[in-house]
Structures are given as C-alpha cells and as structure tokens.
Amino acid sequence: MSKLISKTLGSLLLAASCSAPLQAENLAEIYQLALTNDAQLRAAHAAYNAGKQAIPRARARILPTLTGSIELTDGDGDTSSARTLNFPGQTFEAGASGSNDDETEFYSLSLSQPLFDLPAWFIFKQGFDLDKQATANLAAEQQSLIVRVVGTYTEVLRTSEDLITAKAEQRAIGRQLEQTKERFEVGLLPITDVHEAQAAFDAARVNTLEAEGALDIAFEGLEVLTGKPYSELAGLAAEFPIKPTEPADPAAWVEFAQSNNFNLAAARLNMQAAEKNSRAKRAEHLPKVSAHINYSNYHREGSFDIDSATTNQPFSEDNEPLVFSVRMNAPLYTGGLVSAERKIAQQNFIEAQENLLLAKRQTTQQARSQHLKVSTNSARVSARALGIISAQSALEATQAGYDVGTRNIVDLLISQRVLYRSQRDYANARYDYIISMFNLKEVAGLLSPDDINTLNTWMKPELVVGKSASRVKL
C-alpha cells in the first residue's frame, strides 16, 4: 500500500517539475530569511527592546538624582530714586539717579535621594515582571513565526498538489470526452453522454483555473514573510513519516502547556505587574521622605554712576552656600486624583487576573484540541491512503464496465472524480498533520528551530514545486 501511495504522489510531483531546474528554496532557507525580514517579528523585537528598559526606568525612581544649572547675566540701565525725610522742624529731599552696569554668575548643584518612597519601591519591583514579560512575548512571537512559516510553506505545497490533481483530472476527463465523441459519431452512445462528458470537462477546467490562482496567491504569502518573491520550492517527500504524539496522554501535554506556554507566562507576569502597580497607587497616600544637598555659587559685580558725580561707585557680591535638608511631602488633597488612580489600578489588576484565568483555560483547551487534531490527522492519513487504493480499484472496475456497456459515462466520471479527490484528501491530511503537530508544540511551549530543521530534511529539491505560470501545461 505504501509503495502505491509513494508512487502516486511521486509521479504527480515529478510531472510538475519535468522541465524545471533543480534549484528550489527549501523550508530552512525560507525560515532563515523570515528571521531577519518578517515585519511582525521585527516589530516584536522592537517591543522587546523597549520592554527591557522597564528595570532601568523603575530603578531610577529609587536612585539619587543630581541636577546642575548655570546662569549668566549681563545688564545695564538707568536708576533713580527719591524720598522725603521729615524731622521736627525740618524736611529733607533725599535720593539719587544714575546708571548701573552689572554682571552675574550663578552655579548650582542639587543632589536628592529618596529615603522613604513606597510607591517607587513597588514600581521598582514591577520592573522585573515587565522585563520578564517582554522576554516571554518575544519568545511567543518567535514560535509564532515558526508556525507561520510552516503554515505558509505547506499552503504552497497543498495548493500545488491541488493544481496537479486538478490538471490530471481535467486531462483524464478530456480524453474521456474525446472517446465519448468518437463513440457518438459511430452511433454507439447517445448525445446525452457527450453533454455529460462536456459538462464534466468544463467543470474540471474551472477547478484548474481556481487551483492556479490559489497556488500563485500562496506563493505571495512567502513574500510577505521574507520580502522576497519565490517561484520554486522543494516539495515534501512521499515517505514523510506520520507518527503519533509522544507522550500519547493529552494530560501530559496540558501539563507542558501550563508550565511552558509563553503567552500564558506573559499573562501571568502581566498580572503580577498589575498587582504591584495597584500596591504602588495605594501607597500614594503615604508621605515621602527624601534627603537633599544643595550647593550654589553666586557672584555679582558692577558699578553705579551717579549723575551728579564724576566718579562711579563699584560694587561686588559673593554668596556660596552649602545646604543639607530632609524633606517630607504628603498629599493632603489632590482633587481626587490619587483616589481615582488607586481605583483604576485596582480594576486593572482585576482585569489582569481575569485575563490570566482566561489564558489558563484557553491554553488547556488548545492543548487538548491540538492533541486531538494530531491524533485525528494521523488516522486520517492512513484512512486517506486506503481511500486512494479503494478509489483506484473502483475506477478500474467502472472503466471495465463502461468498456463492455454495463456502466455509463456518468458512472465513469464519478469514479474518476472520487480517485482525484482521494489523492487531494490524502495530501491535505498530511499537511494538516504537520500543521497540527506544530500548533501542539507551540501551545506546549516546546517548539524550536530544530523542528523546522527536522521537517526540512523531508523537503526534496528534486520535487520542484513552482508557480502555475512556470509549469509545464498538462
């Protein structure tokens, strides 16, 4: 049985590549290009790099801060002042007018260190959760890329085999149409058989056109991943093994998923970060204590020219204080801002808790369903293989009956369709098995580039899968 299936698929694939050069991209090469060119993964890397700044940003709130300032001024202007002095029996007018010219230099350094800032401490602890969450999100996206590459690559192979069988079916029905017309012309068949064969041929031609469009569209999906157009890929060997899951117990896969799933880990870390943020907002009602050291150097010098005098009056001023202080700030009233932010943070924490619960349930469900899909698709491959043998035997029997006149053209066309659909279903079952296995490993957090390399060993460059436009017309 396996030899018949291998021979069938091998002949179909080689028919598509009989005139094509044996230079085709394989799965590993597509994946390596996607690692550097996939826009979704590069966006995830940017988000990761931003997320890795969570700890430095949070740490800054508990570390000392040093600020400095310099101010230089140069001014001049006219000044006048006058006042009346009253003494017993006498009144004097006092004052002066003139112009001043001065320069000022001011330097300052200020060092501050939080002594007690509970919100800053919780935000600092939150930074570690956000840092780990960034790592988990990137790991999840890296696994997602593997699944997307495999899914897109196998979609090309799937649509290619659909086109191969569609063209083979069209060719077989075309030959049958010619024979039917010949028999009608000599009076062996009624005109209705010709119409039936013509309708079947027209439907097969439509199926071929649709398959050609689907194949070219599938090739476009690879360009989305890598930014590079493709026209030929290496096909999947007919001997690709279909193995059951190891371990076979779905509960073991659920346990793997609960422990290793990166999306679940990210949800858990997001909940922990939200909890610390909620505690930080509750602590905003508490006072904050900080220590400060301020140093400044002030120097001013200039001159004042009195209008009635012939000489000016120089002046100079210097000040260099060093001040140490301990400051306590407490939010006595903020217009309700602190209370509102505390309530918002608490609800965000509740939201994160519910999202984590949902992620746990979804991970469990996905692990079970993907495990079931792998088992089902594995069984489907075996069943579809038997289906090809049965359909081939049924077609041979129908053909023999048609040749002796016991079966009509409709029976023969139906048998042909059943055979080609069985071949398509077998190919689809193999690709469904691959996708479900990769999905299962992704849910369990066990997917790695090694899985790409293992699958790539079954991609044979001699089985060239090309775009419909580059194919030899069958």
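FYI, it's all coordinate maths here, none of it is from the lab. Just so we're clear, the structure is a prediction, and the values are computed from it rather than from any experiment. In this analysis, Cβ positions are derived from the backbone assuming ideal geometry, glycine residues included, and neighbour counts consider all displayed protein chains.
Below are the figures for this structure:
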{"quantity": "Angle in degrees between helix 27-37 and the longest Cα principal axis of the chain, rounded to the nearest 10", "calculated": "20"}
{"quantity": "Inter-label distance, nm, simple model (7 Å from Cα along the C-beta direction), residue 62/residue 171", "calculated": "7.3"}
{"quantity": "Whole-number percent relative contact order across the range 379-454, with pairs defined as alpha carbons under 8 Å at least 6 apart", "calculated": "35"}
{"quantity": "Quarter of Cα convex hull surface for the range 130-217, i.e. mean projection, nm²", "calculated": "7.0"}
{"quantity": "Loop sites in the range 275-378: chymotrypsin sites (Phe, Trp or Tyr not before Pro), DSSP, at most 11 other Cβ within 10 Å", "calculated": "333"}
{"quantity": "Derived scalar couplings ³J(HN,Hα) [the range 391-400; Karplus, 6.51 cos²θ - 1.76 cosθ + 1.60; whole Hz; x for Gly, Pro]", "calculated": "5, 5, 5, 5, 5, 4, 5, 5, 4, 5"}
{"quantity": "Order of 344, 434 under a 10 Å beta carbon neighbour criterion, fewest first", "calculated": "344, 434"}
{"quantity": "Estimated distance in nm for a label pair at residue 361 and residue 347, the labels positioned 7 Å out from Cα along Cα-to-Cβ", "calculated": "2.2"}
{"quantity": "Positive dipole terminus of the chain, leading residue within 231, 444, 418 (C-beta point charges)", "calculated": "418"}
{"quantity": "Difference of contour (0.36 nm per residue) and Cα-Cα distance, residue 446 to residue 383", "calculated": "19.8 nm"}
{"quantity": "The range 195-349 - Kirkwood radius from inverse mean 1/r over Cα pairs (Å)", "calculated": "27.0"}
{"quantity": "Dimensionless Rg/Rh of the range 332-392 - Kirkwood Rh, Rg from C-alpha atoms", "calculated": "1.60"}
{"quantity": "Reference-scaled alpha-carbon Rg (2.2 N^0.38 Å with N residues) for the chain", "calculated": "1.78"}
{"quantity": "Amide H partners (placed H, <5 Å) of residue 463, local residues excluded", "calculated": "235"}
{"quantity": "Average Cα contact separation per residue, the chain, under 8 Å, 6 or more apart, as relative contact order %", "calculated": "27"}
{"quantity": "Using distinct alpha-carbon pairs, which all enter the 1/r mean, Kirkwood radius of the range 311-470 in Å", "calculated": "24.0"}
{"quantity": "Chain lengthening between residue 397 and residue 135 when straightened (0.36 nm per residue, less Cα-Cα)", "calculated": "88.2 nm"}
{"quantity": "Residue order, fewest to most beta carbons within 10 Å, for 33, 269", "calculated": "33, 269"}
{"quantity": "Ascending count of other beta-carbon atoms within 10 Å, so fewest first, for 382, 160, 375", "calculated": "382, 375, 160"}
